[in-house]
Every structure is written in structure tokens, then in C-alpha cells.
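Report on the following structure.
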Amino acid sequence: RDRGDFERPRPASHGPSFAARQPRFIRAGMAEAPPGPGPIRVTPSREQAGQRIDRLLAETIGTISRSRVKALIDEGALSRTEPGAAPGNNVRVTEPAEPARAGAIYTLILPEPLPAAPQPQSIPFPILFEDRDLIVLDKPAGLVVHPAPGNRDGTLVNALLAHCGPGFTGIGAEKRPGIVHRLDKDTSGVMVVAKTQLANDVLTAAFAARDMERTYVALCWGLPTPLTGEIEGAIGRDKRDRKRMAVVSHGGKAALTRYKVIRGYATCAALVECRLATGRTHQIRVHMSAHGHPIVGDPLYLRRIPAVAKALPAALRGALLDFPRQALHAASLGFSHPRTGAALR
């Protein structure tokens, strides 16, 4: 066959062509046409050894920004195979600043591109308040807020588009809801979403100015002392695990969490109310863990069985250790209505 016949893609119903599924190899220092989804492999030369791997990949591929490469590394899309290693014997690269190793094969998995715009999907969610400017809802645990690699649909944004219907004008030039703040996928509770540009602008400014009342409840291990207090510590990316945040001594962003024990269960566990003075990624989860009282069920910040769990009856201990998500709920949200100024809570 001639070259055109060989590279002609199959019909969409049969999935990507054989050629599209194959890994592409790039010689060190060489670039190619904009790559499509799938694996792409780069082998650094001796001259390139020691460079930051994110910078080297971006420069070598030539069609992907360094920030995009960093994001893919954070998502676990990059692996390294040492020279002479057996097939499949690779190591996931988690640090964008890792020095490149000459002769190693770096495999970067490029995901399928996201649709140009999220599509409406009928996904039920509890509505607490709604008018022409905004929706206040109770986000269920397990629902991702916004489409992203790994969660391209089935998100709150998809659900909101279906709920608002075809007459929804959206924010700015796009037909989309205004996500002015977020909750982690497995954190449940109250969120406000803007339906108009006015609401989006006012609510965004209110969050930036910390002019919002936000209260969470959490079930944590152990009994915090004192029973009422503050946890303060700058939060930044954990250098040992890019998926985690940590209290850091240098860099990071200032963070303050005020807590109050609602009820203690001997010294084994406590129901705690947390109020955010700032809004950093995973703030309550990071601060409570750093304070020695990680949240029950937290998959990122609870890495070992707490010593206090041994004092619990076996059935209760098992139920808490097997809790399927972080026991964290956004209990209340208070703010002024962006159009009328009325106090909403």
C-alpha cells in the first residue's frame, strides 16, 4: 500500500487506528508534529543529562508547554525505564524537577483531548437555594466538580448544564456555570455556583477577600487539645509526594484553620467543627493531620493505623478504618447575595 493508505484512520466507531496506539519515539533534541493521544518516548543524550525532566521533555517534544508536562507528571503520566532494564520494569516519575538520566527511556502518556465544552448530563444533586443569579447545592461525596483528565464527564458542571437547560446564558462568552470555589471529590456539602456574570464577579471577590463564612464538620482520630484552638501553618506541595500538600517552612501559602471539638469519643475520636480563615488546597485535611489528628478515612493524609484505634471495640474500629472516604462535610456557607445584598446562610 502507499503511505496514505497505510496511515488512513479507521472509522471512529472502531476506535483509534493501530498507528495512533503505538508509542512514538523522539530522538533527543528533535521535535515532531503536534502529538496525539498515547505514549511518547524520549531518551536523553549525555549532553542533556542533569536537566530538569519537565523542561527537557517540553523542549524535545516541542509542541507541549512545560506547565502541561508538569501537570501530566502530577497526574502520574510519566515513567522511566533504565538502560538494559527488562520490558515493563519502569518507575513512575513524580517530581518534575528530577534530573534527566542519559540513556533512560522516559514514557509520557498523552491523554485524549477534552471536549471543547462540557456536555449536559442528567445527574441529580440536592438544591438548597436557587434564583436567577446563583444555585446553592449540597454536593454529594464522590462527585467531581469540574471536568479534568481522568474525569472528563459525570461532573457537577455537566449536571449543572443539564439542570439549567438550553436557555442558560452562562458566564462570560461561554455557556458554563461559574465555579467560584470547589470541594474535593470525596468531600460532601454546601457549594454556591454563579449563574450570571454579576454573581460570578461578586462571589469571586468575596472568596478572595475571605468575606465568606465557611464551616465544616469532620470526624478525626484522637481528641484535639485544647478543645478549641487554631492551627496555623503555610501549605505547599509535599516534596516527597506531588499529590499531597503539606505544612512547609519555606514557600507555600499562609493558612489558618480554627477548630472546636463538638463531641469527643473518649480519647479515640472526635467530631470537630472547622472554620476556614483561608482557603488552601486540602487545608483542613493537612492541618488536622499536622496537628496529630488526621481525618477518619482520609486516603492521602492517614498513612498508618492510629494508635488510639486499638482502644476501640473491634467492630467500631473496623468500621472507622474501612470508612470509604475522608469524613469531612461542608456544613454551612454564609455570604451576602450578590444582587440584593441580603444575608444568606
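The values are calculated or read from the model by the stated rules, or taken from the named source; none is laboratory data. Small disclaimer: the values here were computed from a predicted structure and weren't measured. Cβ placement follows ideal geometry from the backbone for every residue including glycine, while neighbour counts extend to all protein chains displayed. Surface accessibility is based on the protein's heavy atoms, side chains included, excluding ligands, DNA and RNA. Shrake-Rupley method; radii C 1.70, N 1.55, O 1.52, S 1.80 Å.
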**Request:** Between K310 and A209, with labels modelled 7 Å along Cα→Cβ, what's the label distance in nm to one decimal, could you check?
**Result:** 5.3 nm
**Item:** Positive dipole terminus of the chain, leading residue within H163, L320, T278 (C-beta point charges)
**Value:** L320
**Request:** Provide the gained length on full extension for the span D238 to Q51, in nm with one decimal, where the gain is 0.36 nm per separating residue minus the Cα-Cα distance.
**Result:** 65.2 nm
**Prompt:** In whole percent, how big is the carbon plus sulfur part of the accessible area of the chain, probe 1.4 Å, protein atoms only?
**Reply:** 53 percent
**Item:** Estimated FRET transfer efficiency when R0 is 25 angstrom, pair D201-R66 (beta carbons, to 0.05)
**Value:** 0.20
**Request:** Provide T225, T81 ordered by accessible surface of protein heavy atoms (probe 1.4 Å), highest first.
**Result:** T225, T81
**Prompt:** How would you rank 84-96, 201-213, 185-197, highest first, on the average number of other Cβ atoms within 10 Å across their residues?
**Reply:** 185-197, 201-213, 84-96
**Item:** Efficiency of FRET from Cβ geometry, L227 and H146, R₀ 41 Å, rounded to 0.05
**Value:** 0.65
**Request:** Compute the Cα gyration tensor for segment 46-128, then decide on rounded, prolate or oblate, letting a ≥ b ≥ c be the square roots of its eigenvalues: rounded whenever a/c is under 1.5, prolate when a/b is larger than b/c in the other cases, and oblate in all that remain.
**Result:** prolate
**Request:** Would you mind counting up the charge near G189? Only other residues with Cβ under 15 Å from its Cβ, with Lys and Arg at +1 and Asp and Glu at -1.
**Result:** +3
**Request:** Assign unit charges at the C-beta atoms only (+1 for Lys and Arg, -1 for Asp and Glu), then state the dipole size of segment 136-233 relative to its Cα centre in Debye, rounded to the nearest 20.
**Result:** 360 debye
**segment 228-345 shape via C-alpha gyration tensor axes, a/c threshold 1.5** = oblate
**Prompt:** Is the shape of the chain rounded, prolate or oblate, going by the alpha carbon gyration tensor and its root eigenvalues a ≥ b ≥ c, with a/c under 1.5 for rounded and a/b larger than b/c for prolate?
**Reply:** oblate
**Prompt:** How much area per residue is accessible in the chain when the probe is 1.4 Å and only protein heavy atoms are counted (Å²)?
**Reply:** 53 Å²
**Message:** Can you compute the modelled spin-label distance between A97 and E112, with each label point 7 Å from Cα toward Cβ, in nm?
**Reply:** 3.6 nm
**Prompt:** Any idea how many Lys pairs in the chain come in under 24 angstrom at the alpha carbon, given 8 or more places apart or on separate chains?
**Reply:** 17
